[in-house]
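The values are calculated or read from the model by the stated rules, or taken from the named source; none is laboratory data. Note that the structure is a prediction, hence the values are computed from the model and not measured. Note: ideal-geometry Cβ built from the backbone for every residue, glycine included; neighbour counts use all protein chains shown.
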């Protein structure tokens, strides 16, 4: 079926409007080609579809990429992560994503599956090609956090990301896929990790944003992205495409830009994995939800940092929000 859809996509490209013809029938190849001129490809995560997992399974991936830097991983536990992705027996590997500064990471099925997938792919690779996953969240030791002041040194998440990527990737002339929330990735002169890295390493990153819906006129603009599902996934470089000429107000940016600003600021390419109305929210990890010891530890952490009752640090508040959000991104 996958081969059939790929063939259908390639055929459809010849028969679709000029807008769709700008799409590449091999989005994974397009993304990997960006590593020719960039040390980093930075993509928003968690993924809204299967693209990232399929990319990592692609036999071309380990020939172009050395590391995957991730948001949901405690940098202090990098030795545990190295041992696990290298095939070692690490029964408490879930600490890597549960012991971060972000409680939502502990319930993430995306990262839970990502680490397991890299571990499995590495079993097929020679030592020189094995993929390393870089935990990039601040190296907090929660057993030592008993007050808000104890957590204070670990709140600058972008500084931690910059440190990890700079020392483990850029200073070693290696190539990395970065998987983070888009706010950390845009290269628009802001305070995000990529913007900071590019002050010292100009042009180091190629930034990919996921399509999660246009802010207005979504149905018409999605039709311009190409036929659903024949051209999915589709990776569209913004430069030279109609997306690059679209008014910035159509994109979900988190700040105001001068009238007439075009394109998606700080982003190089746009990944379309399907209509926004059909994209599913990331499900919660059943292992985490049913782990009463972990939930008790989250409550202890929330108490230690004086989190208010409605803060997402409290698992009950987090669950309440998730229950009310629906399974669709636009539910």
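Only one of (1) over 24 Å from residue 50 (Cα atoms); (2) at pLDDT 95 or above; (3) in a loop (DSSP other than H, G, I, E, B) fails for residue 264. Which number is that?
The failed condition is (1).
Got a number for residues in the range 144-173 being in a loop (DSSP other than H, G, I, E, B) and exposed (fewer than 15 other Cβ atoms within 10 Å of the Cβ)?
The qualifying residues number 5.
When you go through (1) under 23 Å from residue 42 (Cα atoms); (2) touching a helix residue (DSSP H, G or I) at 6+ places or on another chain (Cβ under 6 Å); (3) crowded, with 16+ Cβ neighbours inside 10 Å one by one for residue 257, which number turns out not to apply?
(3)
Do any residues in the range 77-98 that are on the phi > 0 side of the Ramachandran plot have Cβ atoms under 6 Å from those of residues that are buried (at least 20 other Cβ atoms within 10 Å of the Cβ) and not in a helix (DSSP H, G or I), where the two are at least six apart or on different chains, and which pairs are they?
Going by the 6 Å Cβ cut-off, there are no qualifying pairs.
I'd like the full set of residues that are touching a residue at least 24 places away in the same chain (Cβ under 8 Å) and part of a helix (DSSP H, G or I), limited to the range 220-230. Full working, then the answer.
Filtering the range 220-230 down to residues touching a residue at least 24 places away in the same chain (Cβ under 8 Å) leaves 221-222, 224-230.
221, 222, 224, 225 - these are the residues of the range 220-230 that are touching a residue at least 24 places away in the same chain (Cβ under 8 Å) and part of a helix (DSSP H, G or I).
Filtering the range 62-92 down to residues that are touching a strand residue (DSSP E or B) at 6+ places or on another chain (Cβ under 8 Å) and assigned to a loop (DSSP other than H, G, I, E, B), which residue is farthest from residue 168 (Cα to Cα)?
Here the residue is 65.
Condition check: free of Cβ contacts under 8 Å to residues at least 12 places away in the same chain and either touching a strand residue (DSSP E or B) at 6+ places or on another chain (Cβ under 7 Å) or surrounded by fewer than 18 Cβ atoms within 10 Å (Cβ to Cβ) (or both). Does residue 233 satisfy that?
When the stated conditions are applied, residue 233 does not pass them.
Being without any contact (Cβ under 8 Å) to a residue 12 or more places away in the chain and surrounded by fewer than 17 Cβ atoms within 10 Å (Cβ to Cβ) is the filter here, so list the residues in the range 292-316 that pass it.
Within the range 292-316, 292, 293, 296, 300, 303, 308, 309, 310, 311, 316 qualify.
Quick check on my filter: what residues within the range 49-61 are in a helix (DSSP H, G or I) and either surrounded by fewer than 19 Cβ atoms within 10 Å (Cβ to Cβ) or in contact with a strand residue (DSSP E or B) (Cβ under 6 Å, 6 or more places away or on another chain) (or both)?
Correct list: 53, 54, 57.
With respect to residue 32, is the statement that it is modelled with pLDDT of 95 or more and under 17 Å from residue 180 (Cα atoms) true?
When the stated conditions are applied, residue 32 does not pass them.
Residues in the range 237-249: is at least one in contact (Cβ under 8 Å) with a residue 60 or more places away in the chain, surrounded by 20 or more Cβ atoms within 10 Å (Cβ to Cβ) and part of a loop (DSSP other than H, G, I, E, B)?
Scanning the range 237-249 turns up no residue that is in contact (Cβ under 8 Å) with a residue 60 or more places away in the chain, surrounded by 20 or more Cβ atoms within 10 Å (Cβ to Cβ) and part of a loop (DSSP other than H, G, I, E, B).
Kindly indicate whether residue 96 is modelled with pLDDT of 95 or more, touching a strand residue (DSSP E or B) at 6+ places or on another chain (Cβ under 7 Å) and crowded, with 21+ Cβ neighbours inside 10 Å.
Answer is yes for this residue.
If you check residue 47 against the conditions, is it at pLDDT below 95, closer than 27 Å to residue 329 by Cα and over 16 Å from the mean Cα position of the chain (by Cα)?
Criteria not met by residue 47.
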